[in-house]
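Reading through the structure tokens given below for one structure.
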Amino acid sequence: MASQSHLPSILSFRRLSQPPRGLLQFRSLHHIRGSARTTSLLHANRLYSSATRNTTGSSLGSGTLLLGASIASALAGYLFATQHRKPCSLDISESPSFGSPDDFTKAIWELQRAFPVAGIVSTSPHDLLTHGFSDNDYHPGSPHSVIVFPESTDDVVKIVKIATKYRMPVVPYSGATSLEGHFRAVCQTYTHHKAGGICVDLMRMDRILEIHEDDSDVVCQPGVGWLELNETLKRQGIPLFFPIDPGPGATLGGMLSTGCSGTNAVRYGTAKGEWFLNATVVLPSGKVIKTRRRSRKSAAGFDLTKLFIGAEGTLGIITEVTVRLTPVLPTNVAVVHFPDVHSATAASIDIINQGIGIQCVEIVDSVAMKATNNYGKSVRKWPEKDSLYFKFQGQSPASLKETADITQRICAKHGGTGFSLARHQEEADALWLDRKNMYFSGLSLVPGAQAITTDVCVPVSKLPQLIQESQEDLAKLGLVTGMAGHVGDGNFHALILFTTDEEFERAKQATDRIVHRAIELDGTCTGEHGIGIGKKEYLVKELGEGTVELMNTIKHAVDPLGLFNPGKLYPDPPSKKREP
């Protein structure tokens, strides 16, 4: 295990008044923490504690609990990242010809001339560290050469043209909630670069440009967070919300680029549905396109919006989006316990097939319920049994009660007991917060531990088999493991805790087996987190060689120089696969 004194070196620059000569200078950092990103996450969690129940407009008094957990998680994650990461081995599919180190320094100088206002172009060690590494995952970290903070589409065009001139990789960045290394810099031995590229941080492009209440849509810049958007709508008295709900801190640009989803997917679907009506995109050529008009539907040509959904910044940089909104409806929350996960899963399938008002249905196993009790933040002590969390949706209290009654009856048929229905909104918020806190609760089971999570998704009818086989596998692992998932759409997350390098390797091997098992059941390696660098090795097995070849063909047609987010999404050729 590497000690903290072996933090990866990062680039250090002074502001340049003329092009410097020679190679970039490196120095080690030992005590910098990701305070900028932590601040952003704290802000998102404040919004989450007051707006996670946007469909009701209520506020929780326990937001500080989530804040404290986020702080602890961020610091622990950073310390682990600095101790457990291997040297950077991020490679790309076809080795594009990047510029020389001297080209990179000239590009940085030109960026500083193009953006003379202080703070737009940064080479500070702190910024390079926080943008090249993540507290959220354990993929190899690699710093960028320079960070640029554009404020408009025109700014992004300037950046792309300079990057093209000097053959400099371009990596978009926004909420930094990615779990698969999407915003890592390029690090390749054949380029003779220790690290490199332009990181385009879109967080200053955070304006809501137009709200069309009558059309139920809104036009935003990519740095707008989904929580901030919903809070703004609520504050303005507009009874609409954007229902795609990934982790706090996620922004609309990143959500589109990764094809994300969240707990609301069982009712509202994912980002790959019709929630993103159009996007303004800066292509690798520097050209700006808008994928379509704002009308609710269109049969004109290709659906180019979806070309960029899930492309992970490899085909263009999103600078504006139009998203659909949906009416706010009353909700309530219930929890029910089962003798085993198989019974709980079967009950959830039966309930969804009734066509009643289910907004969310989440499964957690007995270990996760034990973790909730151990964490000590819940308003009650739960039976430590496999359980389902439901969020009901309806037009009136009567419709909510009818949905709850049908759900309780079906759960009882499948062995469900202890059906707990929130009596008022404050209690409903508290019960749902227990589900949203599952990650932090899980960490409390092994003091000092970190966790790997899976993200597989299968046809709902195959979910009981996948969960049962995965639980049997994990039981032999010798590690503490828990499970929670969006059972209503076949997506579940196994939480595997580890404290040593050897345990980490065992955990990684277990996640690999879960992924292969899911694909064999006609599922996917990722239901919502995306591919990045963490899952591209599974893409050919999941999609087939022909499909991946077509993806590569599109990539090379749109980005012939291979500058946009290299090393992500597209599988490495056999000769260039990363070492495990």
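The values are calculated or read from the model by the stated rules, or taken from the named source; none is laboratory data. In this text the structure is predicted, and so the values were computed from the model without any measurement. Cβ coordinates were reconstructed from backbone atoms using ideal geometry, including for glycine residues, and neighbour counts include every protein chain displayed. Side chains are part of the model used for accessible areas, which takes the heavy atoms of the whole protein and leaves out ligands, DNA and RNA. Shrake-Rupley method; radii C 1.70, N 1.55, O 1.52, S 1.80 Å.
Any idea which of Ala510, Phe498, His337 is furthest toward the positive side of the dipole for segment 331-521, if Lys and Arg beta-carbons carry +1 and Asp and Glu beta-carbons -1?
His337
Which of the trypsin sites (Lys or Arg not before Pro) across segment 127-228 are loop residues per DSSP, with 14 or fewer other Cβ within 10 Å? Write down the numbers at each step before the final one.
Values: sites: Lys158, Lys161, Lys165, Arg167, Arg184, Lys194, Arg204, Arg207; in loops: Arg167, Arg184, Lys194, Arg204, Arg207.
Here the trypsin sites (Lys or Arg not before Pro) that fit, given the DSSP loop and packing criteria, are Arg207.
Could I get the Rg over Rh figure for segment 331-521? Both from C-alpha atoms, Rh via Kirkwood, rounded to two places. If you can, show how the numbers build up before the last one.
Values: Rg = 16.5 Å, Rh = 16.8 Å.
Reported Rg/Rh (Cα atoms, Kirkwood Rh): 0.98.
What is the spin-label model distance, in nm, from Glu520 to Thr499 if the labels are put 7 Å beyond Cα along the C-beta direction?
About 3.3 nm separates the two model spin labels.
Debye calculation, C-alpha points only, no solvent: report log10 I(q)/I(0) for segment 208-327 at q = 0.21, 0.22 Å⁻¹, in the same order as the q values.
-1.23, -1.35
Only Lys, Arg, Asp and Glu count, each charged at its Cβ (+1, +1, -1, -1), so figure out the dipole size of segment 331-521 about its Cα centre, rounded to 20 debye. Before the final figure, lay out each step's value.
Numbers: 18 positive and 23 negative charges, 102 e Å.
Magnitude of the dipole: close to 480 debye.
Please state the charge dipole magnitude for segment 208-327, taken about the Cα centre, from unit charges on C-beta atoms (+1 on K and R, -1 on D and E), reported in debye and rounded to the nearest 20.
340
Among Gly448, Ala398, Ala368, whose Cα projects farthest towards the positive end of the dipole of segment 331-521, with charges put on the beta-carbon of Lys, Arg (+1) and Asp, Glu (-1)?
The Cα lying farthest towards the positive end belongs to Ala398.
Thr553 to Lys272: FRET efficiency via 1/(1 + (r/R0)^6), r the Cβ-Cβ distance, R0 25 Å, to the nearest 0.05?
Details: r = 21 Å, r/R0 = 0.83.
With a Förster radius of 25 Å, E is 0.75.
Which entries in the list Lys290/Lys541; Lys377/Lys413; Lys436/Lys535; Lys436/Lys462; Lys272/Lys536 go over 27 Å, if you measure between the two C-alpha atoms of each? Could you put the intermediate results ahead of the total?
Values: Lys290/Lys541 33 Å; Lys377/Lys413 31 Å; Lys436/Lys535 24 Å; Lys436/Lys462 25 Å; Lys272/Lys536 19 Å.
Where the Cα-Cα span goes over 27 Å, the pairs concerned are Lys290/Lys541; Lys377/Lys413.
Please get the size of the charge dipole for segment 140-187, origin at its Cα centre, with Cβ charges of +1 on Lys and Arg and -1 on Asp and Glu, quoted in debye to the nearest 20.
On the way: 5 positive and 4 negative charges, 56 e Å.
With only Lys, Arg, Asp and Glu charged at Cβ, the dipole is about 280 debye.
Using a simple spin-label model with points 7 Å from Cα along the Cα→Cβ vector, what separation in nm is obtained for Phe302 and Ile208?
3.3
Using only Cα atoms, locate the centre of segment 439-470 and the centre of segment 197-239, then give the distance between them in Å, rounded to an integer.
If you average the Cα positions of each part, the centres end up 32 Å apart.
Taking loop as defined by DSSP and a crowding limit of 11 other beta carbons within 10 Å, which chymotrypsin sites (Phe, Trp or Tyr not before Pro) in segment 245-320 fit?
Values: sites: Tyr268, Trp275, Phe276, Phe302, Phe308; in loops: Trp275, Phe302.
The qualifying sites are Phe302.
When only the heavy atoms of the protein chains count and the probe is 1.4 Å, how do His212, His556 rank by accessible area, highest first? Walk me through the numbers on the way to the answer.
On the way: His212 40, His556 75 Å².
Reading off the accessible areas and sorting them downward yields His556, His212.
Ordering Arg113, Arg296 from largest to smallest accessible area (1.4 angstrom probe), what's the sequence? Write down the numbers at each step before the final one.
On the way: Arg113 160, Arg296 110 Å².
Of Arg113, Arg296, the descending order of accessible area is Arg113, Arg296.
Starting from segment 297-385, pick out the trypsin sites (Lys or Arg not before Pro) whose DSSP state is loop and whose Cβ has at most 14 other Cβ atoms within 10 Å.
Details: sites: Lys297, Lys306, Arg324, Lys370, Lys377, Arg380, Lys381, Lys385; in loops: Lys297, Lys377, Arg380, Lys381, Lys385.
Within segment 297-385, the qualifying trypsin sites (Lys or Arg not before Pro) (loop, at most 14 other Cβ atoms within 10 Å) are Lys297, Arg380, Lys381.
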